[in-house]
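Participant: Below you will find the structure I want to go over with you.
Please treat every number below as a calculation from the coordinates, not as lab data. Since we're looking at a predicted model, the values are computed, not measured. Cβ atoms come from the backbone with ideal geometry, glycine included; neighbour counts cover every protein chain shown.
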């Protein structure tokens, strides 16, 4: 079953872009990724207009309290199997709004996230890399660092 | 109709002349130029654990925690805004912004940095004074200075105990020369 999922996520994932309280910085970088210069369509990725056609949700923003309900409805409307991609520092961990009363401090507090793409905003290359990593084309590059003084 | 076809042909010619414009990005590196600020990197040998970066960070992602004689410096890079305030305030130039931007990961733990420093505890009350490294640094600076005061004996006292000692020992008080 997991091999089947791997196979069907290799090509042509259709993406629905959700703005969950973002400042539009990340949204403009996503727009950049769609231009001929970066051309995400060579991976078969394209934006769709309804979550019912989508394989992946591309979420930006720290998830405000107002948008939470709509986000959950979007998530339920997306057919299984689905990917959830958090773009930007806000969606990754809440950004500078992580403890604000009006946000929920990051996407992982609301939905199960498959891949985080931090950056404020992430470069178009970083978004491409994250998506390629979600498709299994490129390896992960970051690791946690733990240093203990004797 | 004919005019329209000609303009379309012209457009096709322009596109042909432009050649290939798309980056082959994930398969070929495309390094950022200029003063791009990517993931902050800490030089553990230089850091003294003073916490200036934790004060300056607007996203409050750097935290200090003093437990059991050790100070833990913790970075939660998931919410970093790459403003480089931490680099600018670091007195030891231990932080730098690397050009690394490919930080995508499936787990937030990959975006954490833990650094642990040994603390100096107050010889009188046992409270944490500062890290061993920063006390050593102050010691070296005092030894190199020309003040010739014997302040170095009190480096392992916390602020409250230092104040008490100064009040109860009149000889320590500086004389004010009129």
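Participant: To check you understand DSSP bridge types, tell me what percent of the beta bridges within segment A:54-132 (both residues inside) are antiparallel, rounded to 5.
Facilitator: 10 percent
Participant: Continuing with this model, one more query. What FRET efficiency, computed as 1/(1 + (r/R0)^6) with R0 = 56 Å and r the Cβ-Cβ distance, is obtained for residue A:145 and residue B:9, rounded to the nearest 0.05?
Facilitator: With a Förster radius of 56 Å, E is 0.45.
Participant: Normalised by the residues of segment A:23-148, what does the relative contact order come to in percent, with Cα pairs under 8 Å and at least six apart?
Facilitator: 25 percent
Participant: Can you say what percent of the DSSP beta bridges in the protein assembly as shown, counting only those with both residues inside, are antiparallel? Round to 5.
Facilitator: In the protein assembly as shown, DSSP labels about 50 percent of beta bridges as antiparallel.
Participant: Now, a different point. Between residue A:12 and residue A:99, what is 0.36 nm times their sequence separation minus the Cα-Cα distance? Round to one decimal in nm.
Facilitator: That works out to 27.6 nm of additional length.
Participant: Give me the Kirkwood hydrodynamic radius of chain A in Å, from all C-alpha pairs, to one decimal place?
Facilitator: For chain A, the Kirkwood estimate is 15.8 Å.
Participant: In chain A, what percentage of the DSSP-assigned beta bridges are antiparallel, given to the nearest 5?
Facilitator: Approximately 5 percent, going by the DSSP bridge assignments.
Participant: I've got another one for you. Can you work out the base-10 log of I(q)/I(0) for chain B at q = 0.20 1/Å, using the Debye formula on its C-alpha atoms alone?
Facilitator: Results for chain B at q = 0.20 Å⁻¹ read -1.33.
Participant: Taking chain B as the reference, fit the longest principal axis to its C-alpha atoms, fit the long axis of helix B:159-168 to the helix C-alpha atoms, and give the angle between the two in degrees, 0 to 90, nearest 10.
Facilitator: That helix lies at roughly 20 degrees to the long axis.
Participant: Next question. How many nm is it between the label spots at residue B:122 and residue B:43, if each spot is 7 Å from the Cα in line with the beta carbon?
Facilitator: About 3.4 nm separates the two model spin labels.
Participant: Another question, then. Whole angstrom only: what separates the Cα centroid of segment B:18-51 from the Cα centroid of segment B:81-111?
Facilitator: 10 Å
Participant: Kindly provide the helix-only [θ] at 222 nm of chain B, computed as the sum of -39,500 (n - 2.57) over DSSP H runs of four or more divided by all residues, to the nearest 500 deg cm²/dmol?
Facilitator: Computed mean residue ellipticity for chain B: -8000 deg cm²/dmol.
Participant: Can you tell me, using C-alpha contacts under 8 Å and at least 6 residues apart, the relative contact order of chain B as a whole percent?
Facilitator: Value for chain B: 19 percent.
Participant: May I pose another question? Given the convex hull of the Cα atoms of the protein assembly as shown, what is a quarter of its surface area in nm²?
Facilitator: 27.5 nm²
Participant: Among B:3, B:162, B:46, which comes first, second and so on when ranked by fewest other beta-carbon atoms within 10 Å?
Facilitator: B:3, B:46, B:162
Participant: Could I ask something else about it? Evaluate 2.2 N^0.38 Å with N set to the residue count of segment B:20-120, then give the Cα radius of gyration divided by it.
Facilitator: 1.25
Participant: Using only Cα atoms, find the angle between the long axis of helix B:132-144 and the longest principal axis of chain B, and express it within 0 to 90 degrees, rounded to the nearest 10.
Facilitator: 70 degrees
Participant: Cα centroids of segment A:78-150 and segment B:1-16: how far apart, whole angstrom?
Facilitator: 44 Å
Participant: Let me check the size of segment B:73-178 from its C-alpha atoms; what are the radius of gyration and Dmax in Å?
Facilitator: Spelled out, the Cα radius of gyration and Dmax of segment B:73-178 are 20.2, 68 Å.
Participant: Counting only helical runs of four or more DSSP H residues, what would the 222 nm mean residue ellipticity of chain A come to if each run contributes -39,500 (n - 2.57) and the total is spread over all its residues?
Facilitator: Computed mean residue ellipticity for chain A: -9000 deg cm²/dmol.
Participant: Could I have the simple spin-label model distance between residue A:70 and residue A:48, label points 7 Å from Cα toward Cβ, reported in nm to one decimal?
Facilitator: If labels sit at residue A:70 and residue A:48, their model points lie 2.0 nm apart.
Participant: Can you give me the angle between helix B:2-18 and the longest principal axis of chain B, using Cα atoms only, in degrees from 0 to 90, rounded to the nearest 10?
Facilitator: Relative to chain B, helix B:2-18 is tipped by roughly 40 degrees.
Participant: Considering every residue in A:112-125, what mean count of other chain Cβ atoms within 10 Å of its Cβ is obtained?
Facilitator: Mean partner shielding for this stretch: 5.
Participant: Once label points are set 7 Å from the Cα along Cα→Cβ at both residue B:28 and residue B:74, what is their separation, rounded to one decimal in nm?
Facilitator: Spacing of the two 7 Å Cα→Cβ label points: 4.4 nm.
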